[in-house]
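*Asks:* This is the structure I want to talk about, given as structure tokens.
The values are calculated or read from the model by the stated rules, or taken from the named source; none is laboratory data. From a predicted model like this one, the values you see are computed outputs, not experimental measurements. Backbone-built Cβ (ideal geometry, glycine too); neighbour counts: all protein chains shown.
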């Protein structure tokens, strides 16, 4: 099963030489029954791709929260790793319809670099919107609609796609 793990460039750089990216249990995002139900009326020809995009977008939203929790000094770019894990390792908890709960799952196995399929990262054009989203998170969480709009503005930027083999190159260039 393809899962999407939110992280940051700084965290990824610290883990680049590690065998394990995260130990179990790990919270990630994937196409869940709840997400399928939410998009029940979508065009079936594009459904799988659309559902995976939504799961990745939910993970990217959580990456903003990770950026808010880390110390300053790194580029404000969302990072999502796409990994392939055994279906049996995924525990789906039925939660709410809203992002990110609709796609949130728990893994019972560690995430490793061997599982990595691709890396998705904001380009430099997104930094101002991501920085604004990080700053607006407390007000958005308190219910401020303008702040929520600022946080959601990040979704207007598509994440760049990197093959798993390009991870060392991405990290050597830096943010």
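*Asks:* Would you check if residue 114 is out of contact with any helix residue (DSSP H, G or I) (no Cβ under 6 Å at 6 or more places or on another chain), surrounded by 14 or more Cβ atoms within 10 Å (Cβ to Cβ) and more than 21 Å from residue 10 (Cβ to Cβ)?
*Replies:* no
*Asks:* Tell me which residues, restricted to the range 71-85, are touching a helix residue (DSSP H, G or I) at 6+ places or on another chain (Cβ under 9 Å), loosely packed, with under 15 Cβ neighbours inside 10 Å, at negative phi and at pLDDT below 95.
*Replies:* 71
*Asks:* Then there's this: Here are the criteria: (1) over 21 Å from residue 12 (Cβ atoms); (2) in contact with a strand residue (DSSP E or B) (Cβ under 8 Å, 6 or more places away or on another chain); (3) surrounded by 14 or more Cβ atoms within 10 Å (Cβ to Cβ). Tell me which single one residue 66 does not satisfy.
*Replies:* (1)
*Asks:* Go through 147, 132, 88 for me and flag whichever is farther than 16 Å from residue 55 by Cα and surrounded by fewer than 12 Cβ atoms within 10 Å (Cβ to Cβ).
*Replies:* Residue meeting the stated conditions: 88.
*Asks:* Which count do you get for residues in the range 124-160 that are in a loop (DSSP other than H, G, I, E, B) and closer than 16 Å to residue 56 by Cβ?
*Replies:* Number of matching residues: 3.
*Asks:* If a residue must be over 18 Å from the mean Cα position of the chain (by Cα) and modelled with pLDDT of 80 or more, how many such residues does the range 6-19 contain?
*Replies:* The total comes to 0.
*Asks:* Same structure again: With respect to the numbered conditions (1) closer than 24 Å to residue 171 by Cβ; (2) touching a helix residue (DSSP H, G or I) at 6+ places or on another chain (Cβ under 8 Å), which one is the sole condition not fulfilled by residue 38?
*Replies:* It fails just one condition, (1).
*Asks:* Further question: State whether the residues of the range 41-54 include one that is out of contact with any strand residue (DSSP E or B) (no Cβ under 6 Å at 6 or more places or on another chain), part of a loop (DSSP other than H, G, I, E, B) and crowded, with 16+ Cβ neighbours inside 10 Å.
*Replies:* No, that holds for no residue.
*Asks:* For residue 90, state whether it is closer than 21 Å to residue 160 by Cα and at pLDDT 85 or above.
*Replies:* no
*Asks:* Still on this structure, please answer the following. Give the residues of the range 5-40 that are more than 27 Å from residue 130 (Cα to Cα) and either crowded, with 21+ Cβ neighbours inside 10 Å or in contact with a strand residue (DSSP E or B) (Cβ under 7 Å, 6 or more places away or on another chain) (or both), sorted by residue number.
*Replies:* Within the range 5-40, 19, 20, 24, 25, 33 meet the criteria.
*Asks:* For the range 163-175, name all the residues that are surrounded by 15 or more Cβ atoms within 10 Å (Cβ to Cβ) and under 17 Å from residue 82 (Cβ atoms).
*Replies:* 164, 167, 170, 171
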